[in-house]
Amino acid sequence: MQRFLKLTGLLLFLNMHLPAQIMEPVKWEFGLNANSEITLKAVIDPGWHLYDMDLPEGGPISTSFSFGTLKGAELVGKVTSNSRFVSKYDRQFDMDLRWYEKSVVFVQKIKVTDPVNFRITGEVEFMVCDDTQCLPPVSEEFEFTSENLPKELQSVIQGKGTSAGNPVSGTGKDEPAKENQAGSVPEQVITLEVNDSTVSDVADTIATESVDLWKPVIDELKAYGENTTQDHWWKILITGFIGGFIALLTPCVWPMIPMTVSFFLKRSKKNRKKAVSDAFTYGASIIVIYLILGLLITIIFGASALNELSTSAIFNLIFFALLVVFAISFFGAFELTLPASWTTKLDQKADSTSGLLSIFFMAFTLALVSFSCTGPIIGTLLVEAASQGSLMGPAIGMFGFALALSIPFALFAVFPSWLESMPKSGGWLNSVKVVLGFLELALALKFLSVADLAYGWGILDREVFLVLWIIIFVLLGVYLLGKLKFAHDSDLKYVSVPRLFMAIISLSFAVYMIPGLWGAPLKAISAFSPPLYTQDFSLYDGEVSPKFYDYEEGMEEAKKRGKPVMIDFTGYGCVNCREMEAAVWSDARVKNIIDNDYILISLYVDDKEKLPEVIQIEEYGKTRKLKTIGDKWSYLQRSKFGANAQPFYVLLDNQGNPVGPSYVYDKNVDRYIQFLKKGIEEYKK
């Protein structure tokens, strides 16, 4: 179902603000005939088609009929149709689909047992599409009473006879039906038309129900407390620190350590205390510069805007291209450097000033000089941190990055003798650069995947992604073993122990990914690889699959089935969402509870499919326009629940009220199970 919504862009969503948007390409006519048959005729507008009954699971919504009240009659067999249908193979569903065009008549045979008290009510659920769009599944109710019976049975009610072949309680005998001159049984069809006022009433009802479902419940949600942890902040800090450490080992930064520390020591030869304090100030300046950089970018664009930008196809394609260019540069094809005039001016500024200002300018010079190596790391870090939807994410990430970058300068200033034991610049630094090139090439595919998923292009399915990653890490392992050589590499006389272990890790990682080609979950890379549903062939059946991707549609189904709802605010580019799905939803206990006790609705806040019409809203005193389905669900999350980060899980009753606290990124399975069980208990109350 998700591939249907994402790849074809077919589904149009009903909007509570625009009831006039409701289209009715199908008109139903319900009738009874003297053959004891209920006829259900659909007249379909040109260009549209109505899906047949009993389509295979995983396809579009089949037409289905259900009967509620059944008095004075019995159903004979199932609903059938002799109308001509179109059968066609659909590539996106990978199955043969059947549908009707222009018109179709469905028939349900009945046996009338008591015409006096006769009453039948029912409902038809159906879905219609044209070549470019589909309408959400809707239902049409029908009702028949004794007044709708054909004349033959009406006469029974008046005491004049009975219907042919239909035993009537209290009559004691059967009478043959009267035939016309041609020998056929006369047919009387009772048509129940839906008039314009009814359509208007239905639209108003939908709008009213939507308003109720969209009613803010921020205070009610807070009353339950927060069932969350702040582990993700630590994760961002650690990620930033690791990024800074990697940047430290690059040829742009590593040679700067002895040069800069020696400069401080020479500058304050007579006062070692001052040299040490200057070095610490230098390290603090590095932290301040990168921290300000992270905060400025977030403040200028805004946390939500950065999150939206991170799922933009253009942004991700640009970042994909940049990382590929950086990777090619790291492989030695060319050298990327900033204009020499920039660094020259900063050097002159550092020399002409004194005190803290000169140290700050030196730190800024380091930031510029090392940009060709640190740029990709910083950019990736900011994008991932911004996905938290908070100002804190980029700030914490940049703090961790700058901390790792500044520590060596301070330590070597305190212990200058360590400088002599530092590994000298040489071939090993170029090897680090090449390794970074491989890693950046792998990471670039992640950004391409985000754009591919958000816009439904389908060019980078999971198996394609895995094949490329397997090749990249095999080549990395071969390079570390010295079997692959680039232009600037030194001759490798022997393989050192660290290189051997790194080669083993890289090759083992490549082997680890191979079962993923047949559907293995691969939890270790679930945050980076496309979701499992994008894979054409999979032997894995432990995935939790949402049945609904529309809020109102899922809430309506939950109300019918009397089940609580779990809303999953997610995103195609949400790394933490994929981790939660792989680490938590894959647990058999969690899967069992979600599949059996909840109606799961997944709302993708970065779905770039256009809405039928732009929706204009007022938010925080500003007028905003919701242009895509993702905009709509993002606004729902903000306005109703007061949150804008993903993943975000919330449990609701059938009126849209919370039945427990919200839940964010926390991979503790036991806590998640407790969260789900509490929602069930509250719902039952």
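Let's see how each residue does on (1) on the phi < 0 side of the Ramachandran plot; (2) β-branched (Val, Ile, Thr); (3) modelled with pLDDT under 75:
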| position | (1), (2), (3) |
| --- | --- |
| Val414 | yes, yes, yes |
| Leu419 | yes, no, yes |
| Val432 | yes, yes, no |
| Ala444 | yes, no, no |
| Ala451 | yes, no, no |
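Can you tell me which condition Phe473 does not meet? The list is (1) modelled with pLDDT of 80 or more; (2) buried (at least 19 other Cβ atoms within 10 Å of the Cβ); (3) in the same structural domain as Ala367 (by TED's automatic domain parsing), and all the others hold.
All conditions are met except number (3).
What do you reckon, is Lys667 assigned by TED's automatic domain parsing to the domain that holds Tyr549 and touching a residue at least 60 places away in the same chain (Cβ under 8 Å)?
Answer is yes for this residue.
Would you mention how many residues in region 23-52 are closer than 18 Å to Leu70 by Cβ and either crowded, with 19+ Cβ neighbours inside 10 Å or outside the structural domain of Asp130 (by TED's automatic domain parsing) (or both)? Explain how you work it out, then say what you get.
Pass one, region 23-52, residues closer than 18 Å to Leu70 by Cβ: 30-32, 36-40.
Adding the requirement that they be either crowded, with 19+ Cβ neighbours inside 10 Å or outside the structural domain of Asp130 (by TED's automatic domain parsing) (or both) leaves 30-32, 36, 38, 40.
Qualifying residue count, region 23-52: 6.
Given the conditions (1) buried (at least 19 other Cβ atoms within 10 Å of the Cβ); (2) under 16 Å from the mean Cα position of the chain (by Cα), which single one is not true for Leu636?
Checking Leu636 against (1) buried (at least 19 other Cβ atoms within 10 Å of the Cβ); (2) under 16 Å from the mean Cα position of the chain (by Cα), the one that fails is (1).
Taking the criterion of being more than 39 Å from the chain's Cα centre (by Cα), buried (at least 16 other Cβ atoms within 10 Å of the Cβ) and under 15 Å from Ala42 (Cα atoms), would at least one residue in region 110-123 satisfy it?
No, there is no match, as no residue in region 110-123 is more than 39 Å from the chain's Cα centre (by Cα), buried (at least 16 other Cβ atoms within 10 Å of the Cβ) and under 15 Å from Ala42 (Cα atoms).
Restricting attention to region 570-627, report how many residues are outside any helix (DSSP H, G or I), polar (S, T, N, Q) and farther than 18 Å from Gly554 by Cβ. Walk me through it before giving the result.
At the first step, the residues of region 570-627 found to be outside any helix (DSSP H, G or I) are 570-574, 586-587, 598-627.
If we keep only those that are polar (S, T, N, Q) too, we end up with 570, 586, 602, 616, 623.
Next, from what is left, pick out any that are farther than 18 Å from Gly554 by Cβ: 586, 616, 623.
Qualifying residue count for the region: 3.
So which residues in region 642-662 are among the hydrophobic types (A, V, I, L, M, F, W, C) and either crowded, with 23+ Cβ neighbours inside 10 Å or within 18 Å of the chain's Cα centre (by Cα) (or both), if there are any at all? Working first, answer last.
Within region 642-662, the first condition is being among the hydrophobic types (A, V, I, L, M, F, W, C), and the residues that meet it are 643, 645, 648, 650-652, 659.
Matches in region 642-662: Ala643, Ala645, Phe648, Val650, Leu651, Leu652.
I need the full set of residues from region 32-42 which are in contact with a helix residue (DSSP H, G or I) (Cβ under 8 Å, 6 or more places away or on another chain) and either within 15 Å of Val79 (Cα to Cα) or among the aromatic types (Phe, Trp, Tyr) (or both), in order please. Steps first, answer last, please.
Taking region 32-42 as the starting set, the residues that turn out to be in contact with a helix residue (DSSP H, G or I) (Cβ under 8 Å, 6 or more places away or on another chain) are 32, 34.
The one that is in contact with a helix residue (DSSP H, G or I) (Cβ under 8 Å, 6 or more places away or on another chain) and either within 15 Å of Val79 (Cα to Cα) or among the aromatic types (Phe, Trp, Tyr) (or both): Leu32.
Would you confirm, using the coordinates I've provided, whether Ser490 is among the hydroxyl-bearing types (Ser, Thr, Tyr) and assigned to a helix (DSSP H, G or I)?
On the way: among the hydroxyl-bearing types (Ser, Thr, Tyr): yes; assigned to a helix (DSSP H, G or I): no.
Judged against the criteria, Ser490 is not a match.
Does at least one position in region 591-602 carry a residue that is surrounded by 14 or more Cβ atoms within 10 Å (Cβ to Cβ) and of a type in the set (D, E, K, R)? Even if it seems obvious, please write down each step before you answer.
Going through region 591-602, the residues surrounded by 14 or more Cβ atoms within 10 Å (Cβ to Cβ) turn out to be 591, 593-594, 597-602.
From the residues that got through so far, the ones that are of a type in the set (D, E, K, R) too are 591, 597.
Within region 591-602, one or more residues are surrounded by 14 or more Cβ atoms within 10 Å (Cβ to Cβ) and of a type in the set (D, E, K, R).
The values are calculated or read from the model by the stated rules, or taken from the named source; none is laboratory data. Everything quoted here is computed from the prediction, not taken from an experiment. No Cβ is skipped: glycine too gets one built from the backbone with ideal geometry, and neighbour counts run over all protein chains shown.
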